Amino acid sequence: MKIENIKDCAAVLEEKGLLRNTAADQCAEAAVCHISCFSREVRPGTLFLCKGAAFHEKYLQEAVLRGAAGYVSEREYAAGRDIPCLLVKDIRKAMAMLAEAFYGWPAKDLRIVGVTGTKGKTTTVYYLKSVLDTWLAAKGEKPSGLLSSIETWDGVDRAPARLTTPEPLDLQRFLRTAVDAGVTCVTMEVSSQALKLGRIGDMKMETGVFLNISRDHISPSEHQDFGEYFQTKLKLFFHCRNVCVNLDGEHASQVLEAASCAERVITFGTGREAMVRAEKIRMEKGSLCFWLHMPGYEGEIRVPMHGIFNVENALAAAAVSVAMGIPGECVAKGLAAVKVSGRMEEYESRDKKLTVIVDYAHNRLSFEKLFQAVRLEYPGRPLSVVFGCPGGKAYNRRRDLAQVAEQYADRIYLAPDDPGPEDPQAIAREIMSHLGRKRRACTSFDDRGEAVRAAVEEAVPYEVVLVLGKGCEATQRYADGLRPCMPDGEIVRLALEEYDRTHGVSAS
């Protein structure tokens, strides 16, 4: 049923058991041509959603003045007395249901792959997009859509991402645009917050990927403990027909048990029991190389990225290819052409005596994997790290990242990383409190650029400097909102230019 008026909206909510009143009957034929939860976006014919902990009645008042046709809320407001109110039991569920219906259930016309995990989601969706695009190009079809924590691509516009997984109205609008633009496949990151808050509603996906799980996102505003975080991640399976599971990940047996609700389960990993597996894994000249075994194909894979841990992400893309019927040749060709901004990006001084790696690693699991990979790829070289922790969430990272840095790094430089409502120096002090003997080798900075420049300036010959957490992001979240900032890669490039000048190394 296509939503055309208030009565249609009420019918959708009633069918899902969310509607608590019949007030819509008063103006059942009031036309609905737009849905929004932002009062500034309201125009005549808009159904306004009263959503969020920060919602205030003045927003509804503004919406009414702008011509709202009706509003959806968990309670009635005096400001909305002149327009119909749809009272609901759960505003977030209602928003997701209405978004799907208003945009005509676009997921039904798309082959959607959802990727979840504590680390590697972004890299995996880019790997998969490259494979999909290789396959689609061979068939003369349009490139696949993308919803990542870096950017979005709906077949029409490419834009910076605001959330790892968009809110329901943004998500369903994106999918509708993709369908109308002729896109047939979409790959998206699915965060635990999106699953917890029901952002994907009842949407069905063709394939879901479970990469890994470790303790993260534990805070009053996210998940109360690891158990809740884990169970929330597993909710992805109820939205997927096929499921791809990493057998090398922790708690793999529990993940497999939960995946039994899917029609088909495809396993991947490095053990012989995996349906899609890798052997002879190694790094060669800055590229990840391995021998791939998958149904119907065996061959050498070369991924032009640092980090041996990325084999997990490449295998995930291959496993999805099995689920979707994509030939192994397209997997090999797609992975050979992949590029991921802000992931294991390597920069060098002109004299080759200093290497800087920029990566988005920001939790314990990604830190451990990255440090281990760097120690393996650059054996015996001094190692320093620039990082920070977010404010107002994921408090366990302050201890976890400090412990990993203590184990692997020779010097530590602390820098702001989305401090949000907290003082960056207070976060830095808490991180330092978890350091042991390396505390004397730790310095904190108020400015991220200064931290990177100091790490580069103080580097000894053949040192490797890791700049972690922000990747290619161009904003920092502070108490007063988002502030523009220079991406880490650009900061590193400028710092290395200064290093070259200081050390008298001219361009060849």
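So the values come out like this:
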{"read-out": "FRET E, pair Asp170, Leu65, Förster distance 30 Å, beta-carbon r, rounded to 0.05", "value": "0.80"}
{"read-out": "Ordering of 341-347, 459-465 by burial proxy (mean other Cβ atoms within 10 Å per residue, highest first)", "value": "341-347, 459-465"}
{"read-out": "Check: the chain dipole with +1 on Lys, Arg Cβ and -1 on Asp, Glu Cβ, in debye", "value": "420 debye"}
{"read-out": "Sequence ranges 328-340, 492-504, ranked by mean other-Cβ count within 10 angstrom, highest first", "value": "328-340, 492-504"}
{"read-out": "Inter-label distance for Arg350 and Asp480, nm, one decimal - labels placed 7 Å from Cα along Cα-to-Cβ", "value": "4.0 nm"}
{"read-out": "Net charge of neighbours whose Cβ lies under 14 Å from the Cβ of Ala137, counting Lys and Arg as +1 and Asp and Glu as -1", "value": "+1"}
{"read-out": "Between region 88-119 and region 174-213, the alpha-carbon center distance in angstrom", "value": "7 Å"}
{"read-out": "Computed lengthening from Arg241 to Ile281, 0.36 nm per intervening residue step minus Cα-Cα distance", "value": "11.3 nm"}
{"read-out": "Top positive-direction residue, dipole computed over region 6-102 with Cβ charges, set Ser39, Gly67, Val12", "value": "Ser39"}
{"read-out": "Added length on full extension, which subtracts the Cα-Cα distance from 0.36 nm per residue, Trp291 to Asp180", "value": "36.0 nm"}
{"read-out": "Under Karplus coefficients 6.51, -1.76 and 1.60, residue-wise ³J(HN,Hα) of region 263-277 in Hz, glycine/proline x", "value": "5, 9, 10, 10, 9, 9, x, 10, x, 5, 6, 6, 5, 10, 9"}
{"read-out": "Antiparallel bridges, percent of DSSP beta bridges restricted to region 234-327 (to nearest 5)", "value": "65 percent"}
{"read-out": "Charge dipole (the chain, unit charges on Cβ, about Cα centre) - positive-most of Phe371, Leu414, Val338", "value": "Phe371"}
{"read-out": "Region 133-147 - phi-based ³J(HN,Hα) in whole Hz, Karplus 6.51/-1.76/1.60, Gly and Pro as x", "value": "5, 4, 5, 5, 4, 5, 9, x, 9, 6, x, 6, x, 9, 10"}
{"read-out": "Percent of beta bridges antiparallel (DSSP, the chain, rounded to nearest 5)", "value": "35 percent"}
{"read-out": "Cut-off under 5 Å, modelled amide H: who pairs with Val467 long-range", "value": "Ile357, Val358, Asp359, Val386"}
{"read-out": "Förster-model FRET efficiency, 56 Å R0, Glu14 and Glu300, C-beta, rounded to 0.05", "value": "0.50"}
{"read-out": "Within-13-Å neighbourhood charge of Gly198 [Cβ basis; K, R +1; D, E -1]", "value": "+4"}
{"read-out": "Relative contact order (%) - the chain, alpha-carbon pairs under 8 angstrom, separation at least six", "value": "10 percent"}
{"read-out": "Residues whose placed amide H lies under 5 Å from that of Leu354, excluding near-sequence neighbours", "value": "Ser349, Tyr462"}
{"read-out": "Packing-based order for 254-261, 432-439, using average beta carbon neighbours within 10 Å, highest first", "value": "254-261, 432-439"}
{"read-out": "Size of electric dipole in region 345-502: Cβ of Lys, Arg +1 and of Asp, Glu -1, about Cα centre, debye, nearest 20", "value": "600 debye"}
{"read-out": "Amide hydrogen neighbours beyond the local backbone of Thr475, cut-off 5 Å, H modeled", "value": "Cys485"}
{"read-out": "Test item: Cα-centred dipole of region 176-257, Lys/Arg +1 and Asp/Glu -1 on Cβ, debye", "value": "280 debye"}
{"read-out": "Modelled FRET efficiency - R0 51 Å, Asp410 with Arg81, Cβ distances, 0.05 increments", "value": "0.15"}
{"read-out": "Segment Leu163-Leu376, length gained on full extension (0.36 nm per residue, minus Cα span)", "value": "73.3 nm"}
{"read-out": "Dipole of the chain [Lys/Arg +1, Asp/Glu -1 at C-beta], most positive-end residue of Ala402, Thr270, Ala107", "value": "Thr270"}
{"read-out": "Region 106-336: antiparallel DSSP beta bridges as a percent of all, rounded to 5", "value": "40 percent"}
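Values quoted throughout were computed directly from the atomic coordinates according to the rules given, and no laboratory measurement underlies them. Note that the structure is predicted; figures quoted are calculated from it, not measured. Note that we place each Cβ from the backbone using ideal geometry, even for glycine, and neighbour counts take in every protein chain shown.
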